[in-house]
Amino acid sequence: MNVVFVDPAFPPTQRHFVRALADVGASVYGVGDRPGEWLDDELRSWMVHYHQVPDVTDVGVMTDAVRWIQDKVWVDRLEATIESHTLTAAQVRENCTIPGTSVRTAWLCRDKPSMKQVLREAGVPTAASTAASTAEEVRSFAREVGYPLILKPRSGAGALDTTRVDDDSGLDEALGLFGAQHVDSIAVEEFVEGHEGFYDTVSVDGVPALDFVSHYFPNVLEAMRTRWISPQFVATNRIDSVADYQELRDLGRRVNEALGIGTSATHMEWFFGPKGLKFSEIGCRPPGVGAWDLYSAANDLDIYRQWADSIVHGQVWGQPSRQYSAGIVALRPERDGTISGYSGVDDIQARHGQWVLDAHLPPPGTPTQPETAGYMANAYVRMRHPDFDALRGMLDDVGRTVHVFAN
């Protein structure tokens, strides 16, 4: 099978998809915006050809590149695993008559108001929401639904630029910020109270062949706005033994069906609170922030290879062991500047060293990143343990004990 893979070099986790495709027998044709000589020998060895383009999100440029490859070989699949690439990839598939995620599905997974409207019509429980292009449309929705509200760009990924507003003055301030950024359309939705997590799958013909559940501590919006918090997300190994997770799995299947998601990785966020289980949003792509690396370490399974098997062979053969829960705790510097040192690292190693998967501790002199940059932006520790609650306690201990100092 010949597979065109979009942007094999960046971010660094992209190489794992290329490696896995080659491992299961695909001939990989990489298309990216970096010069070929920037790619290391190992990455190049997994591809039969690398094609440089000016911009992997330019539909015309990408269509020309794929047609050039089609003049040489039959292209069976075109795959993209980065959120900002998925819609372009779908449009190129349509232009070049390549099977895979459709333009409709990719659009619905990017445009949150449209996504939620389709899911509400399918009976999927989700927050009230709308797309707004004017301030008056936002204010009208606020009068109808009430506060708090969540505002975000329509096609955004993650918590970046997501804002909670609690009253009229907060709404005016948020609208001013979006206007200053020249955002011409935003998603506005009801704030859903509850615990937040995500449900990730490798789905084949719309049915999850592999699935994983992770929990955020605290919820993402608070974690990405509060410097002193050392936020975590933890993948549980109790998914097969806790009855409540079946409702979440059923929800995931219904979402796949309603949005037309076929053979693809998925990343679905959810809330559970006083109003029960609520859908938040979904991407037809893998999760970010190294989640698949945690799943692999927790389950004695190469998730990338299972994904590659789903693309190339239309099925997966491996199954998760559920032996461990695994998680990450982000460690923020005390202030912006440059990292000057750490304390508490030796204490954590002495107490929990056997359960540490890895730790990223940037050396002194490294510029700090803001808390909005995410869980892996500065320092972090990743761990696993057979007991979910014990792992939570160890991650809490890391967050309390390890301090990142900055000048």
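Throughout, read-outs are computed from the coordinates displayed, never taken from laboratory work. Computed from a prediction, not measured in an experiment: that's the story for all the values here. Heads up, the Cβs are rebuilt from the backbone with ideal geometry, glycines too, and the neighbour counts pull from every protein chain shown.
Pop out the ³J(HN,Hα) list for region 57-73 in order, Karplus 6.51 cos²θ - 1.76 cosθ + 1.60 with θ = phi - 60°, rounded to Hz; leave Gly and Pro as x.
Rounded to whole hertz, the list is 9, 8, 4, x, 4, 5, 4, 4, 5, 5, 5, 4, 5, 5, 5, 9, 9.
List the GluC sites (Glu not before Pro) in region 180-289 that DSSP assigns to loop (not H, G, I, E or B) and whose Cβ has at most 15 other Cβ atoms within 10 Å. Which are they?
Values: sites: 189, 190, 193, 196, 222, 247, 257, 269, 281; in loops: 193.
Hits after loop and neighbour filter: 193.
Calculate one ³J(HN,Hα) per residue across region 6-23 by plugging θ = phi - 60° into the Karplus curve 6.51 cos²θ - 1.76 cosθ + 1.60, and present them in order as whole Hz with x for glycine and proline.
Coupling constants for region 6-23: 8, 6, x, 9, 9, x, x, 5, 4, 4, 5, 5, 5, 4, 5, 4, 5, 4 Hz.
Which distance in nm do the two modelled labels at residue 323 and residue 167 give, with both placed 7 Å along the Cα-to-Cβ direction?
Label-label distance for residue 323 and residue 167, simple model: 5.5 nm.
Can you give me the relative contact order of region 1-51 as a percent, contacts being Cα pairs under 8 Å and 6 or more apart? Mind dumping the intermediate values first?
On the way: 74 pairs, mean separation 20.7, N = 51.
RCO, region 1-51: 41 percent.
Round to the nearest 0.05 the FRET efficiency obtained for residue 104 and residue 55 when R0 = 25 Å and r is the Cβ-Cβ distance. Kindly include the intermediate steps, with their values, before the conclusion.
Numbers: r = 24 Å, r/R0 = 0.94.
E between residue 104 and residue 55, to the nearest 0.05, is 0.60.
Charges on Cβ only, +1 for Lys and Arg, -1 for Asp and Glu, centred on the Cα centroid of region 74-118; of 114, 88, 74, which one is farthest towards the dipole's positive end?
Of the listed residues, the answer is 114.
Provide the gained length on full extension for the span residue 177 to residue 354, in nm with one decimal, where the gain is 0.36 nm per separating residue minus the Cα-Cα distance.
On the way: separation 177, 0.36 × 177 = 63.72 nm, distance 4.62 nm.
Gain on stretching residue 177 to residue 354: 59.1 nm.
Put +1 on the Cβ of each Lys and Arg and -1 on the Cβ of each Asp and Glu in the chain; which of 28, 187, 345 then has its Cα farthest toward the positive end of the dipole?
Comparing the listed Cα positions along the dipole, 28 ranks first.
Classify region 194-323 from the C-alpha gyration tensor, please: rounded if a/c falls under 1.5, else prolate or oblate depending on whether a/b exceeds b/c.
Numbers: a/c = 1.72, a/b = 1.38, b/c = 1.25.
Judged from the Cα gyration tensor, region 194-323 comes out prolate (a/c at least 1.5, a/b above b/c).
Could you work out [θ]222 nm for the chain from helices alone, using -39500 (n - 2.57) per DSSP H run of at least four and dividing by all its residues? Round to the nearest 500 deg cm²/dmol. It would help to have the intermediate numbers written out before the result.
Numbers: 14 runs with 144 residues, N = 407.
Helix-only estimate at 222 nm: -10500 deg cm²/dmol.
Treating only the Cβ atoms of Lys and Arg (+1) and Asp and Glu (-1) as charged, compute the dipole magnitude of the chain about its Cα centre; round to the nearest 20 debye.
Working: 36 positive and 56 negative charges, 83 e Å.
Charge dipole of the chain: 400 debye, to the nearest 20.
Picking from 39, 197, 297, whose Cα lies most toward the positive end of the charge dipole for the chain (charges on Cβ: Lys, Arg +1; Asp, Glu -1)?
Value computed over the given set: 297.
With each label point set 7 Å from Cα along the Cα-Cβ vector, what nm distance links residue 34 and residue 396?
Going by the 7 Å Cα→Cβ label model, 4.0 nm.
For residue 278, which aspartates and glutamates qualify as cross-link partners when the Cα separation must be under 15 Å and same-chain residues fewer than eight apart are set aside?
Within the straight-line limit of under 15 Å, residue 278 reaches these aspartates and glutamates: 121, 189, 190, 193, 196, 244, 247, 250, 269.
By its C-alpha gyration tensor, with a ≥ b ≥ c as the square roots of the eigenvalues, how is the chain shaped: rounded for a/c under 1.5, else prolate for a/b larger than b/c, else oblate? Mind dumping the intermediate values first?
Details: a/c = 1.37, a/b = 1.09, b/c = 1.25.
Rounded shape, in that the Cα axes give a/c under 1.5.
Starting from the Cα of residue 195, move 7 Å in the Cα-to-Cβ direction to define the label point; list residues of region 213-248 whose amide nitrogen is under 16 Å from there.
213-220, 232-248
Exactly which trypsin sites (Lys or Arg not before Pro) in region 217-324 are in a DSSP loop and have at most 16 other Cβ atoms within 10 Å? Please report the intermediate quantities before stating the final value.
Numbers: sites: 225, 227, 238, 249, 253, 254, 275, 278, 305, 322; in loops: 225, 227, 238, 275, 322.
Within region 217-324, the qualifying trypsin sites (Lys or Arg not before Pro) (loop, at most 16 other Cβ atoms within 10 Å) are 225, 227, 238, 275.
Tell me, what is the FRET efficiency for residue 336 and residue 94 to the nearest 0.05, using R0 = 45 angstrom and their Cβ-Cβ distance as r? Walk me through the numbers before you get to the answer.
Details: r = 44 Å, r/R0 = 0.99.
The formula returns an efficiency of 0.50 here.
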